[in-house]
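Trainee: I am attaching a structure below and will ask some questions about it afterwards.
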Amino acid sequence: MLKRFFQFFLSVKLASLLLLVFAAVIGVATFIENDFGRVTAKALIYSKWWFELILLMLLINLIYNLKRYNLFRKEKLAVLTFHMAFIIILIGSAITRYHSFEGMMHIREGEESNIIVSDDTFLQVRVDNRKLQLDYDKKLYLSGISNNSFSIPLDFLDNEISIEYVDFLPNVRDTFLQSENGVKTLHLVVPGDNGMQSEYLKINEQRKIKNNVFAFNNMSDFAINIYYKDSILYCKAPFEVQSMKMSDRSSDSFSANTEFVLSQRTLYSVNELNFVLKDIIENGNDDIYSSSNVMSDGSTDALKVKINCNEESKELILYGGKGFTSKLEEYKVGGLYFNISYGSKNYYTPFSIKLRDFQLERYPGSMSPSSFAAEVTVKDGKVNEDHRIFMNTVLDYRGYRFFQSSYDQDELGTILSVNHDLLGTLVSYLGYFLLALGMIMVFFTSKTRFTFLNKQLNKIKSKAALLTAALFLSINVT
């Protein structure tokens, strides 16, 4: 039974089936990436254990074929080269997957940096008891349409610690909902970047809205104070206030520190800010929602997790995403202190890159950029090397590759895409070289499938030529 299993496991039929499955999976991943983003394709396919298993089984099958078909012979040199090429390419991809990283480096003109913001996202945790600490990070592949569940046990002294997945919301947005556990809240409308926007001011709260401090039942000498008195809502501000009723367009004005009744459907102007009291919510509460399942770089996502420590639990929401690092937030659970964050993390190069000058060229008569380049200096101890990074010209230094990716809108900064994968790249390039060499050797090796098919084709051509000649002669005789 075991022998039959290994025969099937190492058979050409299984290898052919795996190649078909691999091609189908890659096709599906392409559609997922197009519709939901590259991160989603990673979460659903590229990061899965079964995808790695397909490639591992193909690698084992290819290695076994070297022995099965006795390819270490002179007449099989072309076929051997092909097999070795695919084996080396698969090994190179494994090295890239497990021992490389990529990310972005942002540099402003006249400044230098050695910080790479990772392309992947991580859950970063630090646990301490104010004497000892444990640092831990785990790479996460999360998306809005995949099963993101995880449970991470942490070994710190004699404590029972785990971090469990609760929910994941990509492209998160804030909202305000009616809730039984909510509090009285004022719904204000103010001008925003894309039209009017809603702001929510809870009772007993002070918060800054568009460069002005608002306070609700929490008086301050420097705030626009809104408060209840005899069940009537009043307002008093340290600035002059202009008002206009939307119903009849009647207007009024109130001098600084003058108390007046705050009404709905009335436009108030104070200290260069217009606002309207849209509604008074009796029981309101903050909430968040996902505006889209399409994963994109730079968008803010929300990861909800639960910390379990020494029979005590706490749920929390971590805001972060791909392309930027998030601040570690501290929580106390089960007698220990947890600093935790979700998002990209920083890698540090053993040298720094200084941006001397960023250059942007545009098409004549247009504002559209035609090319852009970064004049940089690599500073590595006593070494100072000047380089120019632009479109198809990269900077290779100590195993790091720097590509010109983007730039700041004020054209005073550059964003470099960085790849650190020297070994994986060299191994993969060797595989590609052998693949090209194998294609060439096919034409000069006698005992190959290509040569056999070519001989068969020549025989068919010869027979066809004789048949055509006989038919031509018979026609002429007739």
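Trainee: Measuring with a 1.4 Å probe in the full set of protein chains, what accessible area per residue, in whole Å², belongs to the range 376-434? Write out the running numbers ahead of the final one.
Mentor: Details: 3350 Å² over 59 residues.
Spelled out: the 1.4 Å probe surface of the range 376-434, per residue, equals 57 Å².
Trainee: Express the accessible area of the range 258-324 per residue in Å², computed with a 1.4 Å probe while the remaining protein chains stay in the model. Please list the in-between numbers first.
Mentor: Details: 3370 Å² over 67 residues.
That works out to 50 Å² for each residue.
Trainee: Treating only the Cβ atoms of Lys and Arg (+1) and Asp and Glu (-1) as charged, compute the dipole magnitude of the chain about its Cα centre; round to the nearest 20 debye.
Mentor: Details: 51 positive and 52 negative charges, 769 e Å.
The calculation lands at about 3700 debye.
Trainee: What list of ³J(HN,Hα) values in whole Hz, one per residue of the range 269-281 in order, does the Karplus curve 6.51 cos²θ - 1.76 cosθ + 1.60 (θ = phi - 60°) give from phi, with Gly and Pro shown as x?
Mentor: Those phi angles translate into 10, 8, 6, 6, 10, 9, 8, 10, 7, 7, 7, 10, 8 Hz.
Trainee: Moving to a separate point now. Quick check on packing: order 133-141, 116-124 by the mean number of other C-beta atoms within 10 Å, highest mean leading.
Mentor: Details: 133-141: 14.3, 116-124: 20.4.
In decreasing order of mean packing, 133-141, 116-124 become 116-124, 133-141.
Trainee: So for the range 235-293, Kirkwood radius off the Cα pairs, Stokes-Einstein at 20 °C and 1.002 mPa s: how many µm² s⁻¹?
Mentor: Values: Rh = 13.4 Å.
Translational D for this selection: 159 µm²/s.
Trainee: Now for a different question. Using only alpha carbon positions, build the gyration tensor of the range 85-244, then give the equivalent ellipsoid semi-axes as the square roots of 5 times its eigenvalues, largest first, whole angstrom.
Mentor: Numbers: eigenvalues 464, 113, 72 Å².
After diagonalising the Cα gyration tensor, the semi-axes are 48, 24, 19 Å.
Trainee: Based on alpha-carbon centroids, what's the gap between the range 13-69 and the range 241-293 in Å, whole number please?
Mentor: Rounded to whole Å, the Cα centres lie 58 Å apart.
Trainee: How high is the relative contact order of the range 158-281? Use alpha-carbon pairs under 8 Å, at least six apart in sequence, and give a whole percent.
Mentor: 21
Trainee: Can I ask one more? According to a simple spin-label model (label point 7 Å from Cα along Cα-to-Cβ), what is the distance in nm between Val21 and Ser406?
Mentor: In this crude spin-label approximation the distance works out to 3.8 nm.
Trainee: At a 1.4 Å probe, what is the % contribution of carbon and sulfur to the accessible area of the chain?
Mentor: With neighbouring chains kept in place, the figure for the chain is 55 percent.
Trainee: Run the paramagnetic zone check for Val442: 7 angstrom along Cα to Cβ, then residues of the range 57-98 with backbone nitrogen under 11 Å.
Mentor: Under 11 Å, as judged by backbone N against the label point of Val442, lie 79, 82 of the range 57-98.
Trainee: Any idea how far apart Leu66 and Arg362 come out in nm if each label point goes 7 Å out from Cα toward Cβ?
Mentor: 5.8
Trainee: Tell me the angle of helix 49-68 to the major Cα principal axis of the chain, expressed in degrees between 0 and 90 and rounded to the nearest ten.
Mentor: Between the helix axis and the principal axis of the chain, the angle is about 10 degrees.
Trainee: Now for a separate question. Loop-only trypsin sites (Lys or Arg not before Pro) in the range 298-392, please: DSSP not H, G, I, E or B, and at most 16 other Cβ atoms within 10 Å.
Mentor: Those satisfying the criteria are Lys327, Lys382.
Trainee: How much length is gained if the chain between Asp167 and Asn181 is pulled fully straight, taking 0.36 nm per residue apart and subtracting their Cα-Cα distance, in nm to one decimal?
Mentor: 2.9 nm
Trainee: How large is the translational diffusion coefficient of the range 246-381 in µm² per second when you combine the Kirkwood radius over alpha carbon pairs with Stokes-Einstein at 25 °C and 0.890 mPa s? Don't jump to the answer; show the numbers that get you there.
Mentor: Details: Rh = 22.4 Å.
D = 110 µm²/s.
Trainee: Here's something else I'd like to know. Among the DSSP beta bridges whose two residues both lie in the chain, what percent are antiparallel, rounded to the nearest 5?
Mentor: Numbers: 133 of 137 bridges.
Antiparallel bridges make up about 95 percent of those DSSP assigns within the chain.
Trainee: Suppose we keep just the alpha-carbon trace of the range 143-198; what are its Rg and Dmax in angstrom?
Mentor: 19.3, 55
Trainee: Assuming 0.36 nm per residue, please report the length gained on full extension of the stretch Gln197 to Leu14 beyond their Cα-Cα distance.
Mentor: Numbers: separation 183, 0.36 × 183 = 65.88 nm, distance 5.92 nm.
Length gained between Gln197 and Leu14: 60.0 nm.
Trainee: Which whole-number percent gives the relative contact order of the chain, counting Cα pairs below 8 Å spaced six or more residues apart? Show your work: numbers first, answer last.
Mentor: On the way: 939 pairs, mean separation 90.8, N = 478.
Computed over the chain, the figure is 19 percent.
Trainee: Another one. Under the Kirkwood approximation for Rh and a Cα-based Rg, what ratio Rg/Rh is obtained for the range 347-416?
Mentor: Dividing the radius of gyration by the Kirkwood radius yields 1.02.
Trainee: Any chance you could get the radius of gyration and Dmax over the Cα atoms of the range 28-68, in Å?
Mentor: Using the Cα atoms of the range 28-68, the pair Rg, Dmax is 14.1, 44 Å.
Trainee: Now, a different point. Any idea what the alpha-carbon Rg over 2.2 N^0.38 Å comes to for the chain? Could you put the intermediate results ahead of the total?
Mentor: On the way: Rg = 33.5 Å, N = 478, 2.2 N^0.38 = 22.9 Å.
Rounded to two decimals, the normalised Rg is 1.46.
Trainee: Given the convex hull over the Cα atoms of the range 383-433, what projected area results after averaging over all orientations, in nm²?
Mentor: Working: hull surface 18.9 nm².
Mean projected area of the Cα convex hull: 4.7 nm².
Trainee: Expressed as a whole number of Å, what is the distance separating the alpha-carbon centroids of the range 336-379 and the range 140-199?
Mentor: 30
Trainee: Across 5 Å bins from 0, what is the distribution of all Cα-Cα pair distances for the range 84-156, in whole percents?
Mentor: Answer for the range 84-156: a P(r) of 3, 10, 12, 14, 15, 17, 14, 9, 4, 1, 0 percent.
Trainee: Sticking with this structure for a sec: If I model a spin label at Tyr234 and Glu272 as a point 7 Å from the Cα along the Cα→Cβ vector, what separation in nanometres do I get?
Mentor: 3.0
Trainee: If you don't mind, there's one more thing I want to ask. Take the range 8-109, drop everything but the C-alpha atoms, weight them equally and run the Debye formula without solvent; then report log10 I(q)/I(0) at 0.18 Å⁻¹ to two decimals.
Mentor: Per q value, in the given order, log10 I(q)/I(0) is -0.97.
Trainee: Once the piece of chain linking Arg130 and Asp287 is laid out straight, how much longer is it, given 0.36 nm per residue of separation minus the C-alpha distance between them? Mind showing how you got there, number by number?
Mentor: Values: separation 157, 0.36 × 157 = 56.52 nm, distance 3.34 nm.
Extra length from Arg130 to Asp287 when fully extended: 53.2 nm.
The values are calculated or read from the model by the stated rules, or taken from the named source; none is laboratory data. A quick note: this is a predicted structure, and the numbers were derived from the prediction, not measured. Using ideal geometry, Cβ is built from the backbone for each residue, glycine included, and neighbour counts are taken over all protein chains shown. When the accessible area is computed, the model is the full protein with side chains, heavy atoms only, and any ligands, DNA or RNA have been set aside. Shrake-Rupley method; radii C 1.70, N 1.55, O 1.52, S 1.80 Å.
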